[in-house]
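Below: the structure, in structure tokens.
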Amino acid sequence: MPASPGTVNWLSTPAEWNAVMISRRGLLRGTAGLATLPLLPRSLQAQAEGPQLLEARPAQAQIAPEGYPKTDVWSYGGALPGAEIRVAQGSRLTRKLVNSLPAPTSVHWHGIRIDNAMDGVPGVTQKAVQPGETFLYDFDVKDAGTYWYHSHNQSFEQVARGLHGPLIVEESDPPDVDRDEVLVLDDFRLDPETGQIASFENMHDFSHGGRVGNIAVTNGVFNATLTAEQNERLRLRLINVANAKIFELELRGLEGWVVALDGMPLDSPIRISERLLLAPAQRADLIVDVTAEPGAEAHLVRFEGDEGYSQVLFSVREKASDSRRDPPLPLPPNPDMAVTDLDDAMQSQLRMEGGAMRGFASAHMNGREVGFREAAQSGKFWALNGTLGMPDAPLFVAERGQTVRVMMQNDTVFPHAMHLHGHHFREVLPGGGLGPLRDTLLMFADERREIAFVAHNPGDWVFHCHMLTHAASGMMTRIKVLA
Ligand code: C2O
Ligand code: CU
Ligand code: CU
């Protein structure tokens, strides 16, 4: 008999939710009774001609372990996460969103250098799609890589209810791997009594570190398990779709390289020797070799403080070959990504303030000056350059093709995952070098970091924290690129 859901405190005993727990010393515990789940279902349907439907609708999913009730979710096409969309680089992606939800929605194609009108941001690039209505998304996909799609309306709630899915754009010359696995990392906050998604009316989520869950899942399931073979080479496409959780990851029984971040290939693969941080909305493409022996287990390990948990278990069945392969080559770069003319760049600044503990002295809200307490009473806690929520004017207006530098200062005590739409940027490193191309930058408390990018894509692009309750309570601005 399964334990009664009411007897488990999901928040304080994550071990209960992790049949495999690995301590810092690598000791494996509690594997007894682990049910091996079948390979994760994955839709690999080829792109058909004409608009395929992408239906946003309520569904049910078994998020909690077997024996606990199913959870009511909002889904794309009934699946959690939404069905994988996989297209060839340079092709056109067409999906007709059908809104069968009880609330207005939209779809944002995160990380895609997209036509502005297709960016899916209600109030900026389109109207929210009302229940019963449809919207045709139709755009060119010029970059290969690992992306995702998600609701951009009331997103702190809609993404948390399940409205997200992977979007994979294949290189014409893909790397030599045995298998390509998409791993959508998420955490849900479920009510332990009912197994249902917990209420969204928690002010703490808005004013502190965001809505962190109490059960971590991969591809919508708890204790995700895959099979593998020794010396097999896997491409793992990690996508963090969680509201606020920063995944801290390590490999066990797997060795490899990071080959791309936020969809964009690294100039050269980086050997994974330390913990990998994946902030909300960020992606990492890994190429890993299975080093664990047949009969053993390999893991993608998630750390919560000093305790490690199996985020994905790879059950090693056989030996694929007697030796490992040579290190991987870099992935082919995407077109026109150079960040040049840093010396002639337009300079901008973004000061991040607010939240619990530090707040702000005063900020603008709907055209008037308010103190932190008054702002908090109307549900706004965060200011960008002294404005709570979307400002009347863009942060800056750039000519098309102009290089822009934005110096960002995190004057809060919380980390933030700053995401720019429609462009990838590079960090201008203190020594003068440039960091990897990214669309989301994790900034810890009191950090001051500068990004630079070429404003090549005309339109109004939002720039916000991807800790989604932060975006909803003030951390949202936009830039404009002239046509
Ligand atoms: Cu992934 Cu504005 O979002
Ligand atoms: Cu985005
Ligand atoms: Cu934030």
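The values are calculated or read from the model by the stated rules, or taken from the named source; none is laboratory data. Computed from a predicted model, the values in this text were never measured in an experiment. Cβ coordinates were reconstructed from backbone atoms using ideal geometry, including for glycine residues, and neighbour counts include every protein chain displayed. Ligands, DNA and RNA are excluded from the accessible area calculation, which covers all protein heavy atoms including side chains. Shrake-Rupley method; radii C 1.70, N 1.55, O 1.52, S 1.80 Å.
Regarding the range 160-170, can at least one residue be identified that is at positive phi and of a type outside the set (Val, Ile, Thr)? The answer is yes, given that some residue of the range 160-170 is at positive phi and of a type outside the set (Val, Ile, Thr). Reported count of residues in the range 123-150, each being open to solvent by 30 Å² or more (accessible area, probe 1.4 Å) and under 10 Å from Ile112 (Cβ atoms), is 2. Among the conditions (1) under 24 Å from Thr146 (Cβ atoms); (2) assigned to a strand (DSSP E or B), the only one that Asn457 does not satisfy is (2).
Of all the listed residues (Ala452, Ala417, Ala445), the sole one being touching a Pro at 6+ places or on another chain (Cβ under 7 Å) and either within 13 Å of ligand 1 (Cβ to nearest atom) or assigned to a strand (DSSP E or B) (or both) is Ala417. From the list Gly359, Gly389, the one residue that fits, being in contact with a strand residue (DSSP E or B) (Cβ under 7 Å, 6 or more places away or on another chain) and modelled with pLDDT of 95 or more, is Gly389. Residue count for the range 259-313 satisfying the condition of being among the acidic types (Asp, Glu), under 25 Å from Pro330 (Cα atoms) and open to solvent by 40 Å² or more (accessible area, probe 1.4 Å): 2. Check whether at least one residue in the range 86-103 is closer than 24 Å to Val184 by Cα, within 15 Å of ligand 1 (Cβ to nearest atom) and not assigned by TED's automatic domain parsing to the domain that holds His456, and report yes or no. Within the range 86-103 (the criterion being closer than 24 Å to Val184 by Cα, within 15 Å of ligand 1 (Cβ to nearest atom) and not assigned by TED's automatic domain parsing to the domain that holds His456), the answer is no, since none of the residues qualifies.
Looking across the range 419-433, the residues that are under 29 Å from Gly359 (Cβ atoms) and either within 11 Å of ligand 2 (Cβ to nearest atom) or modelled with pLDDT under 95 (or both) come down to His419, Leu420, His421, Pro430.
Provide a single number: the residues in the range 455-483 that are open to solvent by 20 Å² or more (accessible area, probe 1.4 Å), hydrophobic (A, V, I, L, M, F, W, C) and either within 16 Å of ligand 2 (Cβ to nearest atom) or farther than 20 Å from Phe139 by Cβ (or both).
Taking the range 455-483 as the starting set, the residues that turn out to be open to solvent by 20 Å² or more (accessible area, probe 1.4 Å) are 456, 458, 460, 472, 476, 478, 480, 482-483.
Okay, now just the ones that are also hydrophobic (A, V, I, L, M, F, W, C), so 472, 476, 482-483.
Add one more test, that the residue is either within 16 Å of ligand 2 (Cβ to nearest atom) or farther than 20 Å from Phe139 by Cβ (or both), and what stays is 472, 476, 482.
Result for the range 455-483: 3.
Just one of the listed residues (Asp72, Asp119) is within 16 Å of ligand 1 (Cβ to nearest atom), acidic (Asp, Glu) and out of contact with any Gly (no Cβ under 6 Å at 6 or more places or on another chain), namely Asp119.
Pairs are defined by a Cβ separation below 9 Å, a sequence spacing of at least 6 or placement on different chains, a first member in the range 55-81 that is closer than 18 Å to Trp148 by Cβ, and a second member that is of a type in the set (D, E, K, R) and assigned to a loop (DSSP other than H, G, I, E, B); the pairs so defined are Ala61/Lys70; Val73/Arg161; Trp74/Arg161; Ser75/Arg161.
Give me a count of the residues in the range 297-332 that are free of Cβ contacts under 8 Å to residues at least 60 places away in the same chain and not assigned by TED's automatic domain parsing to the domain that holds Pro175.
We begin by selecting, within the range 297-332, every residue free of Cβ contacts under 8 Å to residues at least 60 places away in the same chain; these are 303, 305, 326.
From the residues that got through so far, the ones that are not assigned by TED's automatic domain parsing to the domain that holds Pro175 too are 326.
Of the residues in the range 297-332, 1 are free of Cβ contacts under 8 Å to residues at least 60 places away in the same chain and not assigned by TED's automatic domain parsing to the domain that holds Pro175.
Exactly one residue out of His421, His364 is in contact (Cβ under 8 Å) with a residue 24 or more places away in the chain and open to solvent by 70 Å² or more (accessible area, probe 1.4 Å): that is His364. Scanning the range 461-478 turns up one or more residues that are outside any strand (DSSP E or B), near ligand 3 (Cβ under 9 Å from one of its atoms) and in contact with an Asp or Glu (Cβ under 7 Å, 6 or more places away or on another chain).
State which residue is farthest from ligand 1 (Cβ to nearest atom) when the search covers only the range 367-394 and only residues that are open to solvent by 40 Å² or more (accessible area, probe 1.4 Å) and touching a Ser or Thr at 6+ places or on another chain (Cβ under 6 Å). Let's see the steps before the verdict.
In the first step, residues of the range 367-394 are kept if they are open to solvent by 40 Å² or more (accessible area, probe 1.4 Å); the result is 367-369, 372-374, 377-378, 380, 385, 390, 392-393.
Cutting the leftovers down to touching a Ser or Thr at 6+ places or on another chain (Cβ under 6 Å) gives us 369, 380.
Working: Glu369: 28, Lys380: 18 Å.
The selected residue is Glu369.
Considering the conditions (1) at pLDDT 95 or above; (2) within 21 Å of Ala103 (Cβ to Cβ); (3) open to solvent by 20 Å² or more (accessible area, probe 1.4 Å), Leu163 is excluded by exactly one of them, (3). Per the listing Pro294, Pro269, the residue uniquely over 25 Å from His466 (Cα atoms), outside the structural domain of His470 (by TED's automatic domain parsing) and in a loop (DSSP other than H, G, I, E, B) is Pro294. Looking only at residues in the range 394-445 that are of a type in the set (Ser, Thr, Tyr) and farther than 16 Å from Ala338 by Cβ, the one that is farthest from ligand 3 (Cβ to nearest atom) is Thr440. When restricted to residues that are basic (Lys, Arg) and touching a Phe, Trp or Tyr at 6+ places or on another chain (Cβ under 7 Å), the range 291-329 contains 1.
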